[in-house]
């Protein structure tokens with residue numbers, strides 16, 4: 001994949017880590033409640049059947065939820081994952097563009113709650129629900 005294959009408005013993700021470098025490349029557009037994370041499915045993301053591995057979606061869900069909720073406040077709220085559950089409703093194959101959409105329920109003084117939805121070509125393939133422990137709150 002080349003950068004030309006990335007949809008307009010997306011750039012390399014604004015914050016990375018050694019783990020994100022391993023599963024990436026990941027791209028992002030927007031921030032806070034409008035944060036969208038996208039990726040092209042590559043062979044390294046697949047299971048033995050050649051489909052996108054659910055563990056990759058779980059990892060991206062954790063990133064999308066955490067980054068989206070953190071950047072929805074100014075200054076960003078520091079938080080850590082307390083619970084993550086993922087429901088799979090479809091799949092993706094090599095070459096597919098997968099992107100997220102975020103739905104933040106609440107960012108409180110101690111806990112934060114949100115859902116993230118994954119889609120391929122407008123079709124929802126998974127939903128993840130996250131609960132995060134707020135480490136600092138502005």
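Quick notes on this structure:
- Search result, residues across the stretch 27-57 that are under 14 Å from the mean Cα position of the chain (by Cα), surrounded by fewer than 16 Cβ atoms within 10 Å (Cβ to Cβ) and at negative phi: 31, 33, 34, 54, 55
- Any hit, the stretch 63-82, residues being at pLDDT 95 or above and on the phi > 0 side of the Ramachandran plot: no
- Looking across the stretch 75-84 at every residue that is surrounded by fewer than 16 Cβ atoms within 10 Å (Cβ to Cβ) and in contact with a helix residue (DSSP H, G or I) (Cβ under 9 Å, 6 or more places away or on another chain), the one that is nearest to residue 57 (Cα to Cα) is identified as 81.
- Condition met for residue 112 (without any contact (Cβ under 8 Å) to a residue 12 or more places away in the chain, in contact with a strand residue (DSSP E or B) (Cβ under 7 Å, 6 or more places away or on another chain) and crowded, with 18+ Cβ neighbours inside 10 Å): no
The values are calculated or read from the model by the stated rules, or taken from the named source; none is laboratory data. Please read these numbers as outputs of a predicted model, since none were measured by experiment. Backbone-built Cβ (ideal geometry, glycine too); neighbour counts: all protein chains shown.
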